[in-house]
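Everything on this sheet refers to the single structure shown next.
The values are calculated or read from the model by the stated rules, or taken from the named source; none is laboratory data. For clarity, every value in this text was computed on a predicted model and none was experimentally measured. Reconstructed Cβ throughout: ideal geometry from the backbone, glycine too, with neighbour counts over all protein chains shown.
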Amino acid sequence: MNILLINPKADMSNRALTLPLGLLSIASYLSAHGHRVRLLDRAVELQPIETVAEAFSPEIVGVSLISYKSLEDALFVSEYFKKSGLPVIWGGPTASALPKAVFKNDCVDAISLSEGEDTWLDLANAYAAGAPDLSAIPGLALRNGSDGVFYTPERPFLDLAVLPDTDWSFVDVDKYFQSSYGCKKMLYLYSAKGCPFSCVFCYNKEFHRSTYRKRPIAPLLREIRYLVTEHGMDGVYFADELWCRGVREMHETCDALASLQLDFVWGCQTRIGIFQQEDFEYMFRAGCRWVFFGVESGSKRILEKMNKRLAYDKVEETFRACKKAGIVAIGSFIAGFPGETEEDLRQTVAMIERLDTTLINLNFFIVMPGSDIYYRLVAEGRYPEITDLRRLEEEDFMLLLDYNYSEVPARDLRVVQSWYMWRSFSSGNINVGGEKTSFTRKVITDALRSLRAGSLKALVLSGWYAVKEFSIIAFYAHAYSGIRKKYGISRRKKHK
């Protein structure tokens with residue numbers, strides 16, 4: 001069976017490109033089971049869709065919808081292949097969360113829910129046999145009448161040990177390199193799927209059912225060895241929602257990574273309270289150079305509303321421990337959570353100012369489809385249910401704050417968020433394992449590399465968008481000194 005898997009391109013994105021890990025896994029799995037697969041990442045491949053179709057002659061088309069920014073292209077490629085009479089199956093977090101809205105588009109036949117390796121194998125085998133009964137395949141959402149959705153039985157999670165090694169021939173690896181802390185050719189890989197926690201703002205509870213599964217270490221090591229020796233990779237960012245649940249698991253992973261004896265560094269995302277000073281030192285010796293922490297708020301009241309279950313008294317201690325170990329600690333926060341007050345935001349700013357880092361990722365709260373808070377706000381009539389995917393395109397969450405469910409004025413949120421974005425961007429040299437690196441250079445280098453991968457039109461549009469975004473951030477970061485003072489924001493970050 002000829003199966004075409006498509007990662008649609010995002011509109012006006014100046015973010016660094018990342019490997020389509022989900023599609024890569026599905027493609028490798030299908031190929032290992034005898035199907036012919038073509039993975040088309042339209043973020044980096046510039047061939048017209050007609051050329052790809054003619055050269056490959058697909059019999060089934062799969063489209064991954066991860067972000068609303070790629071919606072327009074997802075619909076474009078789906079409509080093209082649907083006109084040819086081909087079955088079109090969507091997947092990804094956004095499609096899984098909004099099946100009713102997806103089925104408003106006649107170009108989609110079914111949705112593969114949650115992770116898709118086994119579901120896609122069943123689909124491929126069924127279509128190969130002719131006239132498949134999709135209702136008999138677990139893990140799908142199907143159109144039911146003009147405005148309904150039929151769900152087939154829930155599919156158990158696949159044992160990650162049965163997955164084949166990733167087949168890197170499906171992508172041009174060198175196009176996805178990014179710079180990071182202590183490396184210039186970094187790629188996103190994964191060592192685990194899912195997260196055992198249930199933060200109300202995250203899609204994890206629905207997409208991964210709050211389940212954490214560790215990937216066998218042997219295939220991961222083979223991937224790293226191949227990418228380092230054959231492509232010159234010198235950095236890995238583990239894309240796991242949670243990297244290692246405890247010290248024992250961390251030791252096993254670090255020992256395995258160190259056993260490769262290869263020249264690369266790595267970073268990850270983990271939780272406050274899992275590791276202490278000696279643990280971060282252990283990680284550093286195994287090559288860890290940066291860690292991303294989702295702190296989210298400095299207000300205990302808001303953290304409770306988020307169901308964050310955070311070790312609050314360990315936040316500052318953890319950031320100090322990272323710095324002492326030589327690891328860059330990156331703090332992520334959310335501003336504008338439903339019910340957040342000015343006092344709550346002041347507490348968040350106070351915590352940020354106490355942290356031993358200048359790298360702060362402060363985002364506006366957005367209503368993520370598939371999250372508990374999405375369903376709650378819809379049920380309360382405070383957020384209109386998304387029944388048309390086109391509405392997602394109209395909401396520029398990052399810049400316009402279309403929906404503000406907090407008690408903090410929208411302008412205040414813009415000023416606080418812009419200030420910390422500006423401060424991170426202008427933070428200058430950062431000490432990474434005893435060496436100096438520049439966050440500014442990293443951002444610019446990755447943005448330019450991403451822009452060069454697109455067409456001239458995409459280059460112009462994305463460049464314009466980047467200038468617009470930068471201008472807005474610069475304006476709000478510096479134009480409202482009274483608002484900064486109101487929340488206790490310091491112009492200079494002081495470290496002990």
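Give the residues of region 151-180 that are farther than 21 Å from Ser210 by Cα and small (Gly, Ala, Ser), sorted by residue number. Residues satisfying the conditions are Ser169, Ser179, Ser180. Inspect all residues belonging to region 368-391 and state whether any of them is surrounded by fewer than 18 Cβ atoms within 10 Å (Cβ to Cβ), at pLDDT below 60 and more than 21 Å from the chain's Cα centre (by Cα). Scanning region 368-391, I find no residue that is surrounded by fewer than 18 Cβ atoms within 10 Å (Cβ to Cβ), at pLDDT below 60 and more than 21 Å from the chain's Cα centre (by Cα), so the answer is no.
Does region 47-60 include one or more residues that are outside the structural domain of Val367 (by TED's automatic domain parsing), of a type in the set (A, V, I, L, M, F, W, C), part of a loop (DSSP other than H, G, I, E, B) and more than 18 Å from Leu163 (Cα to Cα)? Within region 47-60, not a single residue is outside the structural domain of Val367 (by TED's automatic domain parsing), of a type in the set (A, V, I, L, M, F, W, C), part of a loop (DSSP other than H, G, I, E, B) and more than 18 Å from Leu163 (Cα to Cα).
Among the residues here, Tyr212 does not qualify as over 21 Å from the mean Cα position of the chain (by Cα) and more than 30 Å from Gln47 (Cβ to Cβ). Restricting to region 174-200, name every residue that is within 14 Å of the chain's Cα centre (by Cα) and either acidic (Asp, Glu) or under 30 Å from Glu340 (Cβ atoms) (or both). Selection gives Gly194, Cys195. Among the residues of region 33-46, count how many are charged (D, E, K, R) and either assigned to a loop (DSSP other than H, G, I, E, B) or touching an Asp or Glu at 6+ places or on another chain (Cβ under 7 Å) (or both). Result for region 33-46: 2. Out of the residues in region 256-290 that are farther than 18 Å from Val228 by Cα and among the charged types (D, E, K, R), which is surrounded by the most Cβ atoms within 10 Å (Cβ to Cβ)? Of everything passing the filter in region 256-290, Arg271 is surrounded by the most Cβ atoms within 10 Å (Cβ to Cβ).
Listed here are the residues, each with its yes/no results for (1) at pLDDT 95 or above; (2) small (Gly, Ala, Ser); (3) buried (at least 16 other Cβ atoms within 10 Å of the Cβ).
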residue: Leu187; (1), (2), (3): yes, no, yes
residue: His208; (1), (2), (3): no, no, yes
residue: Gly235; (1), (2), (3): yes, yes, yes
residue: Cys244; (1), (2), (3): yes, no, yes
residue: Met250; (1), (2), (3): yes, no, yes
residue: Cys254; (1), (2), (3): yes, no, yes
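Residue count for region 190-201 satisfying the condition of being in a loop (DSSP other than H, G, I, E, B) and under 20 Å from Ala161 (Cα atoms): 5. For region 307-329, state whether one or more residues are of a type in the set (Asp, Glu) and crowded, with 17+ Cβ neighbours inside 10 Å. Among the residues of region 307-329, not one is of a type in the set (Asp, Glu) and crowded, with 17+ Cβ neighbours inside 10 Å, which makes the answer no. Of all residues in region 112-123, exactly one satisfies the criterion of being buried (at least 24 other Cβ atoms within 10 Å of the Cβ) and more than 24 Å from Tyr212 (Cβ to Cβ), namely Leu123.
Answer yes or no as to whether Asp313 is of a type in the set (D, E, K, R) and over 30 Å from Ser259 (Cβ atoms). Judged against the criteria, Asp313 is a match.
Per-residue answers, yes or no, for (1) surrounded by fewer than 18 Cβ atoms within 10 Å (Cβ to Cβ); (2) in contact with a helix residue (DSSP H, G or I) (Cβ under 8 Å, 6 or more places away or on another chain); (3) outside the structural domain of Arg209 (by TED's automatic domain parsing):
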| position | (1), (2), (3) |
| --- | --- |
| Ala141 | no, yes, yes |
| Asn144 | yes, no, yes |
| Pro156 | yes, no, yes |
| Asp167 | yes, yes, yes |
| Phe170 | no, yes, yes |
| Gly194 | no, yes, no |
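Restricting Leu30, Leu17, Leu24 to those that are within 23 Å of the chain's Cα centre (by Cα) and not in a loop (DSSP other than H, G, I, E, B) reduces the list to Leu24.
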